[in-house]
Structure formats: C-alpha cells, structure tokens
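Chemist: A single structure is presented below for examination.
Nothing in this text is a laboratory measurement; each read-out follows from the coordinates by a stated rule. Predicted model only: the values in this text are computed from it and were never measured. Here Cβ is always computed from backbone atoms with ideal geometry, including for glycine, and neighbour counts include all displayed protein chains.
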Amino acid sequence: MDKVAFWNDLAAQLSIDSIRATTAAASGHPTSSMSAAHLTSVLFADHFRYDPADPKSLANDRFVLSKGHASPLLYSLLKALGVINDDDLMSLRRLGSPLQGHPVPIPEMPWVDVATGSLGQGLPMGVGMAMGMTLDGAPGRVWVLMGDSETAEGSVWEAMQAASYHGLDNLIAILDMNRLGQRGPTMLQWEGNVYAERAAAFGWHVIEVDGHDAQAIDTAYAAAEGAALPTMIVAHTRKGNGVALTENRDGWHGKALDAEQAKQAIEELGGMRSISVSPPSPAEFKVASNGASVQLPVYEKPVATRKAYGETLAALSARDDVVVLDAEVGNSTFTEDFDKVAHDRFFQFFIAEQAMIGAAIGLQVVGKTPFAATFGAFVTRAYDFVRMAAVGRANIAIAGSHAGVSIGEDGPSQMALEDLAMMRAVYGSTVLYPADGNSTAKLVAATADLEGVSYVRTTRENTAKLYEGSEAFPIGGSKTLRSSDRDRVTLVGAGVTLYESLKAADELAQAGINARIIDVYSVKPIDAATLRQALADTGLIVVTEDHWLEGGIGDAVLGALAEGGQALSGRVIKIGVADMPGSGKPTELREWAGISASKIAARVREALDS
C-alpha cells in the first residue's frame, strides 16, 4: 500500500472508531473528530516523532488536542498506536474509564500531557512546551490541533504574539477549519485567507491546505518543519467528513449517531479496519541537571514580602529546572531579580496573563518548575487556566502581589480582594500568605516542590521581621506568636493583618485582656488542630483579613473548626473588607475597612462585653 492510500485508510479508521465509541457512549463529538482525521493520520504516521512506550520522554514531539471535545479522535489514535485496545475505546465517557469526555493526563493516560476542553487553552500550553524544549535544545516539535471556533478566544492571540516574540520555530498549530461550531456557522466559516492574514500579522508562517488531501497535508507538514517561524496550517475541512448524513451539516455538534446510523456510516467509510501505526522514532536526547544547592536569603530588617519573593526566586535560580514568567510587572513583583541572574530562563509575557499561566502549564510538562507572577487582582483574568491546571494535575507556582486595600493609592482596580477565595476553591491547591521576609523565603522555596497549583500572596509594604531565618514553615502549619493560660481571645491574621493583630493585642493588654496570636500563613491547608484548640481555650476567635469577607481566611477558619464534627463551644468573628474601597494611604484604608489595630481591639472589647 502506498503512503497516500495508507493515510486515507487510517483516516477512515479513525473516523469509524470515533463513531463507534460515541455511539456506544450515546454522547460525544464524532463529527468534530472526523473533520481532523486526515490531519492526524498523516501527522502520526509520518511526522510526529514519538515513542508511545515512553510518552514522557523529553526527546518526543508533543501533541496538544486544543479542541478537546474531539477526544474520540485522540483515543482512536491511541488505539492505532497499540497503547489501548478496543474494549478501552468502547469505555469512552463511562464512569471510571480513563477515556473521559475531554482529555485528562491522569496516570492511566500518560499519552495525554495537558487537560483540554476549555477552548483557547491548547495553544498557550503549547507555547510553554515549545519554550522549554527550546531552552534545553530538545529536537522535538510541538503540534497543536485547534478548532476554528476557539480562535474567538483572546488567549489564542495572546499565545500567537508570545510565540512570535519568543521565536518558537518548533511550534506548529493546525487549524481545523470545518466551518461549523456548536450552534451554527463559525465567525469566519471557510474564510481561510482571513485566518491566514491574521496569523501572518502576528508574525507566523502560514500554510493553507485542503484538510482532506493527504498528500497536500504531508507537503504542508514538511514545509512547517523547515520554517524559521512558528507555523499555522489553516486546513479547510468538513465537519462529519465522509458520511453523507453528517458531512458539513449543522446540528451534529456533540451528537452521537444511533446504532443504525452508525452502521450505515461505517459502511460508507469503507467498513471496519484494523490498522496499526508506528510514528517516526525521536532523536536521542537527555537533559542533565546541575544539582546545585540553594542558599535562601535571610532578613534582619523590614522588607516587603514581594521583594523577598523576587530575591528568593533569584536564589532558586541555582536549580536549573526553575523558570519564571512575568506579565510586565517584574519591577513590582520583583521577578526582575530572577531575570538579572538567569535571563535565559525568564519569560516575559507582557500583559497577557492567560498566555502566561497557560505557558506555565506547558513548561511543567517538559520538566520545568515554573513560577508565574502578577498582581493578585490580575490572576483573576487567567482563572480558567488555573482551574484547568488543576484538572490536568499540573504543578505550577503562582504569586499574586499588591493584595488588599493595603496597596493604597492605586485604588480598587488594582486591589486583590478576591484572590484567596478564588485560589482556595481550586482542586488540590496550596494557598500561602507569609507575613515577613524569612517566612516568605521558606514558603516560596517550598512551592518549588509542591504538587498541584500553589499560590503565594505577597504584600506591597515593608513589614517587620517576625521570624528567624532558621525557622521552619511546614505547609499546613501555623505559628502561635503569643499564648498564655489567661487568654480571653484568639486573634488570627496573615500577612498585613497579622501585624495589626499584634498591635491590637498590645492595646487590649493595657485593658487587662490577654490575646493569643496565630499566624495562619498556610491558608490552605490550614492548621485546624491549632485553631480548634484556640477556640476551646479562649472561647472567642477574631479573624482579620485584607480581603472580602466571602471565601477568605475567615471562611477557611470556620471550615477548619467544622472539621471532625465534634461539638465546640465559642464564637468566631470575621473582620474583613465589606464595602468598595477607593484610593488612600494604606493606614487610612485599613482604618476605613475596619481591619486596623484599633478597630480590631474595639471589636474584641465589644464581643467580650456582650
């Protein structure tokens, strides 16, 4: 069999298997899979350098199915590669099956690198993979299969400009331009020239091709492999290709064929096949680690935790797996300190937070330990990427600076007041809020080796030294700064409000009221045992935070107290930001918000009097 006949036969098999799997599941996206069958058959048979037996090898090419709803196509490819069998394929979308409705990189699916399905995310993740591979001099390429509908997402164009700016000639995007979206025609339908012009304007090499002409696809891929720029292949395809019932017909998105329709479609595609495919072998490649030790900074004087964050990153540059991503705020988050000592591992994304977090996800796929930083308020713009990082079990560290009303004069557009609630809600996340320089250094260093998504909240103002450089800060722990057997209240704070709580305790002491002070630097997981004991001992907990009252530290404390289902006696008061702030000095704003020392002390006296 010649190559063209093989590619066409394999494409037919992929379409048939996509139909069979979705019909068995009675749900799924067969027609979105069928439009890209030729694109993937040619790719995997002759261009994708990959060892299916060693899918995590850094020598491999990477494949990202950005149009994650076409997962039946991916699973059909895995069957053709021989890594899953037909019974596996027929378990699509069933409870307990690793073949989920959209691809997820769980242990049973090591051939999937990232979770996709939220459209517009595959290309930013591919950018990160291509960056990491370029950094290491890896010979592989990154192939991203995109749907045309997802090009409406701004994150796609953030990624396009990042890829061009960083010169990623090892990144190839394949646009499956099948004209039909979920509810009808796409914005541009088959205006391939418009897609091409837009991609070219972003600095990409562009190739237009008939997405069902296997020979033309092969030629396009070869040209893309030789290009000196990132390449966009605009492929003119037909949704539901090869079956009269579905081809280029609206109303079939996310709809499985019934048994009789599937039988007829399989016959129309030439009947069942049992084709195996062996991709070209990757070149030999390994990454060596320098194994250097890290010397963390130690602070004796006041320092802003955002500055301690940057200096800790600079210290972590001794680890050659550590990379840092910035969203054009490096002189505020102090990621610039890392840039000064490890420029080749510092990636500037300018004001494109979605692409930055997406790239961080991609970088960790190829063995990097990524730290991404911006203002805490602007992490919200990339929250869907954070959510999908958790779905994909990605290990990434995020820092949000300029937290709360304490940033002062810049006003509410810059104030992170939702970030703790947002990051606490992420599956498997770790949320940390250090108060001084030494705790920041220890906690930031710890995030380099944490599983899942971690978030460090940093402060704009200088804060006084509380802890020695030798102090340990275990994840899930807390620090009790003051305690006695005569304590009548426990003041709980983190970051800025910890200092306000300390000053409030001094004020209360003058009135003969002893206060216990707890630093909940680990907001998630939180130290439930210490908090439960504090409530039992003092009968009153007052939590103060520079954050909206909803979902932040106060709610974390309440959740901790509710653990175990044991009866507790006492009262919890939450103090936080309850109204929309404006501009002002940090001290003025904390007083206005009721989170200053004097306001905390007043709330304690009121509670004890009542």
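Chemist: Hey, what D do you get for the chain in µm²/s if you plug the Kirkwood alpha-carbon radius into Stokes-Einstein at 25 °C and 0.890 mPa s? Walk me through the intermediate numbers first.
Modeler: Working: Rh = 25.9 Å.
The estimated diffusion coefficient comes to 95 µm²/s.
Chemist: What list of ³J(HN,Hα) couplings, whole Hz, do you get for segment 554-566 from phi and the Karplus terms 6.51, -1.76, 1.60, once you set θ to phi - 60° and write x for glycine and proline?
Modeler: x, 5, 5, 5, 4, x, 5, 5, 7, 5, x, x, 7
Chemist: Can you check what the net charge comes to around Trp7, using other residues whose Cβ is under 9 Å from the Cβ of Trp7 (Lys, Arg +1; Asp, Glu -1)? List each step's numbers first, then the result.
Modeler: Details: positive: Lys3; negative: Asp9, Asp46, Asp218.
Taking every other residue near Trp7 into account, the sum is -2.
Chemist: Right, here's the next one. Place +1 on the Cβ of every Lys and Arg and -1 on the Cβ of every Asp and Glu in segment 317-408, take the dipole about the Cα centre, and give the residue among Asn395, Phe350, Ala372 whose Cα lies farthest towards its positive end.
Modeler: Going by the charge dipole, the pick is Asn395.
Chemist: Oh, and also: What's the center-to-center distance, using Cα atoms, between segment 520-563 and segment 32-90 in Å?
Modeler: 47 Å
Chemist: In segment 97-178, if every C-alpha pair distance is counted and binned at 10 Å from zero, what percent goes to each bin?
Modeler: 18, 46, 31, 5, 0
Chemist: Which one, Leu145, Ala292, His166, projects farthest toward the positive side of the charge dipole computed for segment 135-293 from Cβ point charges (K/R +1, D/E -1)?
Modeler: Farthest towards the positive end: Ala292.
Chemist: Let me ask something additional. Taking the Cα centre of the chain as the origin, how large is its charge dipole in debye, to the nearest 20, when only Lys and Arg (+1) and Asp and Glu (-1) carry charge on their Cβ atoms?
Modeler: 1140 debye
Chemist: Normalised by the empirical 2.2 N^0.38 Å for globular proteins, what value does the Cα Rg of segment 3-268 take?
Modeler: Cα-based Rg divided by the globular estimate yields 0.93.
Chemist: So, counting K/R as plus one and D/E as minus one, what does the shell of residues with Cβ under 12 Å around Leu540 add up to?
Modeler: Neighbourhood net charge equals +1.
Chemist: So, one more: So what's the angle, to the nearest 10 degrees on a 0 to 90 scale, between helix 37-46 and the longest Cα principal axis of the chain?
Modeler: Helix 37-46 sits at roughly 90 degrees to that axis.
Chemist: Distance from the Cα centre of segment 416-462 to that of segment 577-610, in angstrom?
Modeler: Their Cα centres are 24 Å away from one another.
Chemist: Something else now. Can you tell me the 0 to 90 degree angle between the C-alpha axis of helix 3-25 and the longest principal axis of the chain, rounded to 10?
Modeler: The helix 3-25 is inclined about 50 degrees to the chain.
Chemist: Charges at C-beta only: +1 for Lys and Arg, -1 for Asp and Glu. How large is the resulting dipole of segment 303-463 about its Cα centre, in Debye rounded to 20? Can you show the working numbers first?
Modeler: Numbers: 13 positive and 19 negative charges, 73 e Å.
That gives segment 303-463 a dipole magnitude of about 360 debye.
Chemist: Principal axis lengths of segment 96-242 from Cα atoms, whole Å, largest first?
Modeler: Principal extents (Cα only, largest first): 42, 37, 32 Å.
Chemist: State the answer as a single residue: which of Ala509, Val492, Gly477 lies farthest towards the positive end of the charge dipole of segment 476-516, with beta carbon charges of +1 for Lys and Arg and -1 for Asp and Glu, about the Cα centre.
Modeler: Result: Gly477, furthest along the dipole toward the positive end.
Chemist: How big is the Rg/Rh ratio for segment 159-261, C-alpha atoms only, Rh by Kirkwood, two decimals?
Modeler: Radius of gyration over Kirkwood radius for segment 159-261 works out to 1.05.
Chemist: Which number do you get for Rg(Cα) / (2.2 N^0.38 Å) in segment 527-581?
Modeler: For segment 527-581, the normalised Cα radius of gyration is 1.17.
Chemist: Treating the Cα atoms of segment 498-610 as identical point scatterers in vacuum, please give the log10 of the normalised Debye intensity I(q)/I(0) at q = 0.10, 0.22 Å⁻¹, two decimals.
Modeler: Computed log10 I(q)/I(0) values: -0.29, -1.33.
Chemist: Follow-up. Taking every pair of distinct Cα atoms and averaging 1/r, then inverting, what Kirkwood hydrodynamic radius in Å comes out for segment 303-463?
Modeler: 15.0 Å
Chemist: Please state the relative contact order of the chain as a whole percent: Cα pairs under 8 Å, 6+ residues apart?
Modeler: Dividing the mean separation by the residue count of the chain yields 12 percent.
Chemist: Place a +1 charge on the Cβ of each Lys and Arg in segment 257-304 and a -1 charge on the Cβ of each Asp and Glu, then give the dipole magnitude about the Cα centre in debye, rounded to the nearest 20.
Modeler: 380 debye
Chemist: Measure nothing but the geometry: give the 0 to 90° angle between the long axis through the Cα atoms of 214-225 and the longest principal axis through the Cα atoms of the chain, rounded to 10°.
Modeler: Its long axis makes an angle of about 40 degrees.
Chemist: Let me ask something else. What percentage of all Cα-Cα pairs in segment 374-446 are separated by more than 21 Å? If you can, show how the numbers build up before the last one.
Modeler: Details: 778 of 2628 pairs.
For segment 374-446, the share of Cα pairs beyond 21 Å comes to 30 percent.
Chemist: Additional query: So if a site counts as exposed when it's one of the GluC sites (Glu not before Pro), its DSSP state isn't H, G, I, E or B, and it has at most 10 other Cβ atoms within 10 Å, what's the longest stretch of the chain without one?
Modeler: Looking at the chain, 1-283 is the longest stretch - no exposed GluC sites (Glu not before Pro) with at most 10 other Cβ atoms within 10 Å.
Chemist: So what is the calculated 222 nm ellipticity per residue for the chain, using -39500 (n - 2.57) for each DSSP H run with n of 4 or more, over all residues, to the nearest 500 deg cm²/dmol? Could the numbers behind the result be given before it?
Modeler: Values: 23 runs with 234 residues, N = 610.
When only DSSP H runs of four or more count, the value is -11500 deg cm²/dmol.
Chemist: Okay, next question. In segment 3-268, what is the count of Lys pairs whose alpha carbons are under 21 Å apart, counting only pairs at least 8 residues apart or on separate chains?
Modeler: 9
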